[in-house]
Amino acid sequence: MAAPDLNTVRVYLGDEGAWSGEEIGAALLAEKAAQAARCIVPADGAEWPADLAEALCRRVHRNLVMRGLPLGLSTTMSEATVSVTRIGMDNEITRLEAPHRKLVVG
């Protein structure tokens, strides 16, 4: 599998046409840099492991969704109460990237 590009991410996002190509491209660049800071990633022209490519696509999707939640909070109101949930890390991204994490010593 090649490194995920704009078209790959668009396919991953499916029919969610809520974001422009520029927004997706910007999120892809940011998340590719963030992933490279935490994981050992192959060059763009090299073969990418499927789990690492999936994690990058998921990172981009999460980035785009979180733009609508600038404080990282989701609020739900019902007749009885108001519930506020803090949106944290994505455990699936952590699981997919685990075998590729950089080992920091010292």
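The values are calculated or read from the model by the stated rules, or taken from the named source; none is laboratory data. Just so it is clear, the structure is predicted and the values come from calculations on it, not from any experiment. Every residue, glycine among them, receives a Cβ derived from its backbone with ideal geometry; neighbour counts consider all protein chains shown. Surface accessibility is based on the protein's heavy atoms, side chains included, excluding ligands, DNA and RNA. Shrake-Rupley method; radii C 1.70, N 1.55, O 1.52, S 1.80 Å.
Does ALA26 satisfy the criteria of being part of a helix (DSSP H, G or I) and small (Gly, Ala, Ser)? Spelling it out, ALA26 is indeed part of a helix (DSSP H, G or I) and small (Gly, Ala, Ser). Residue pairs whose Cβ atoms lie under 6 Å apart, separated by 6 or more positions or on different chains, with the first residue in segment 65-88 and under 21 Å from LEU28 (Cβ atoms) and the second open to solvent by 70 Å² or more (accessible area, probe 1.4 Å) and among the hydroxyl-bearing types (Ser, Thr, Tyr), do not occur. So, of the residues in segment 19-45 that are touching a residue at least 24 places away in the same chain (Cβ under 8 Å) and open to solvent by 80 Å² or more (accessible area, probe 1.4 Å), which turns out to be nearest to ARG59 (Cα to Cα)? Among them, the one singled out is ARG38.
When you check PRO4 against the structure, is it assigned to a loop (DSSP other than H, G, I, E, B), at negative phi and free of Cβ contacts under 8 Å to residues at least 40 places away in the same chain, yes or no? Judged against the criteria, PRO4 is not a match.
The numbered conditions (1) more than 26 Å from LEU6 (Cβ to Cβ); (2) part of a loop (DSSP other than H, G, I, E, B) are all true for TRP48 except (1). Restricting segment 68-106 to residues that are among the charged types (D, E, K, R) and at pLDDT below 85 leaves a set whose member that is surrounded by the fewest Cβ atoms within 10 Å (Cβ to Cβ) is GLU79.
Going through (1) within 22 Å of VAL104 (Cα to Cα); (2) assigned to a loop (DSSP other than H, G, I, E, B) one by one, THR94 falls short only on (2).
A quick yes/no check of all residues on (1) of a type in the set (A, V, I, L, M); (2) over 20 Å from ALA98 (Cβ atoms); (3) at pLDDT below 95:
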{"site": "GLY25", "(1), (2), (3)": "no, yes, no"}
{"site": "ALA43", "(1), (2), (3)": "yes, yes, yes"}
{"site": "PRO49", "(1), (2), (3)": "no, no, no"}
{"site": "LEU52", "(1), (2), (3)": "yes, no, no"}
{"site": "LEU64", "(1), (2), (3)": "yes, yes, yes"}
